[in-house]
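Scroll down for the structure; my scribbles are underneath it.
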């Protein structure tokens, strides 16, 4: 039976990953400092055999007694409101936290998987984005604290692979949605969904022509688990190549939510990417993976969760 450590395991993505691993028969050690995650996200797992929840800030230390087969490093603020409000914490978890998590993997002889991001591509000059594209990132802009933390984490992961022979993998995660997202985290779908459900104006940045490619969390987790179980080092894009504009997304959310909310426009944030679309050729070939959940079906699940979640009321 595999034993897997998930840092940031009480966050949005981490909790779904813990849930999948427990279902697959893993023992799971979930580490989280609850700055952006919450114990409520994994409360349904606490009674499960093999699940352990530990309050831990990975920028201070990472200590897990006993054998470990996999270390999945998902600890990080990951939404604009979070990393703009917590810039130093974001940089520390991407650097010191990654160092500590890699040290654990090295000590235990475990496979290490870094949760990186499509934000390493910045405001891309190549479209769609394949893994061999180096990116177009503003290191001194307000978003740079997240972009560069992840880019540094990737470099550190490769250094441990080359210098210490640690078995590593890097996943570049594209925009993801699903249950357990926080309604006020600053991302487009939570904002649009909660505004639509409340009958408030749906606020679209700029003219809404900027594009995103959005994947449902179940598909994302499937790709991550397949990468973890493979011998692939990455970096590997895991995302949905279906691209749509932010305005089209707002209109679709309003339709799925059965809302009459008007759509209004506001200024675009600094360094907001103009386009975003993953090239998933590598994931298709190496993992036999591609997303299967239709965007509308995924949105129905996400919006239903917001509708039932007390924070949206």
* Asked: What residue among 191, 40, 75 has the largest mean-square fluctuation in a Gaussian network model of the chain, using Cα springs under 10 Å?
  -> 40
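In deg cm²/dmol, rounded to 500, what helix-only [θ] at 222 nm does the chain give when every DSSP H run of at least 4 residues adds -39500 (n - 2.57) and the total is split over its residues? Don't skip to the end; give the middle numbers.
Working: 10 runs with 112 residues, N = 313.
After summing the helix terms and dividing by residue count, I get -11000 deg cm²/dmol.
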* Asked: Going by how many other beta carbons lie within 10 Å of each one, how would you line up 158, 236, 1, 266, fewest first?
  -> 1, 266, 158, 236
* To do: Report the paramagnetic label zone for residue 127: residues of region 231-252 whose backbone N is under 20 Å from a point 7 Å from Cα along the Cα-to-Cβ axis.
  => 237-252
* Angle, helix 217-229 long axis vs. longest principal axis of the chain, Cα atoms, 0 to 90°, nearest 10? -> 20 degrees
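Considering every pair of different Cα atoms, what Kirkwood radius, in Å, is found for the chain?
Values: mean 1/r = 0.0511 Å⁻¹.
For the chain, the Kirkwood estimate is 19.6 Å.
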* Relative to the longest principal Cα axis of the chain, at what angle does helix 246-256 sit, 0 to 90 degrees, rounded to 10? -> 80 degrees
* Bin width 10 Å, alpha-carbon pairs only: give the P(r) of region 269-309 as whole percents, running from 0 to the bin holding the largest distance. => 21, 26, 38, 15
* **Paramagnetic reach from residue 96 (point 7 Å along Cα→Cβ, amide N under 20 Å) across region 27-48** => 31-37
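Go ahead and run the numbers for FRET between residue 55 and residue 304, Cβ-Cβ distance against an R0 of 25 Å, rounding to 0.05.
Details: r = 30 Å, r/R0 = 1.22.
Working from the Cβ atoms, E equals 0.25.
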* Structure fact -> Under the 7 Å Cα-to-Cβ spin-label approximation, residue 230 and residue 294 lie apart by a distance in nanometres of 2.7 nm
* Round to a whole angstrom and tell me the spacing of the C-alpha centers of region 148-197 and region 1-75. => 16 Å
* Return, ordered by residue number, the residues of region 218-239 whose backbone nitrogen is under 18 Å from a label point located 7 Å along Cα→Cβ of residue 281. => 233-239
* the chain: most fluctuating residue of 124, 233, 201 per GNM, C-alpha cutoff 10 Å -> 201
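In which sequence would 261, 209 go, from the one with the fewest C-beta neighbours within 10 Å to the one with the most? Mind showing how you got there, number by number?
Working: 261 19, 209 12.
The order, fewest Cβ neighbours first, is 209, 261.
If you average 1/r over every pair of different alpha-carbon atoms in region 76-169 and take one over that average, what Kirkwood value in Å do you get?
Values: mean 1/r = 0.0724 Å⁻¹.
The answer is 13.8 Å.
Quick check on the exposure proxy: order 98, 302 from fewest to most C-beta atoms within 10 angstrom.
Numbers: 98 30, 302 23.
The fewest-first ordering by Cβ neighbours comes to 302, 98.
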* Structure fact -> Measuring from the longest principal axis of the C-alpha atoms of the chain, the long axis of helix 98-108 (C-alpha) lies at a number of degrees, nearest 10, equal to 40 degrees
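Region 167-255: Rg/Rh from Cα coordinates, Kirkwood Rh?
Taking Rg over the Kirkwood Rh, I get 1.06.
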* Asked: Taking a ≥ b ≥ c as the square roots of the eigenvalues of the Cα gyration tensor of region 1-92, is the shape rounded (a/c under 1.5), prolate (a/b larger than b/c) or oblate?
  -> prolate
* Structure fact -> Between residue 34 and residue 1, Cβ-based FRET efficiency (R0 30 Å, step 0.05) works out to 0.65
* Please report, to two decimal places, log10 I(q)/I(0) for region 4-156 at q = 0.09 Å⁻¹ as given by the Debye formula with identical point scatterers on the Cα atoms and no solvent. => -0.29
* Once both labels are modelled 7 Å past Cα along the beta-carbon direction, what's the residue 184-residue 44 spacing in nm? -> 2.5 nm
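Read the figures in this text as sums done on the coordinates, not as results from a lab. Being a predicted model, the structure only gives us computed values, none of them experimental. Heads up, the Cβs are rebuilt from the backbone with ideal geometry, glycines too, and the neighbour counts pull from every protein chain shown.
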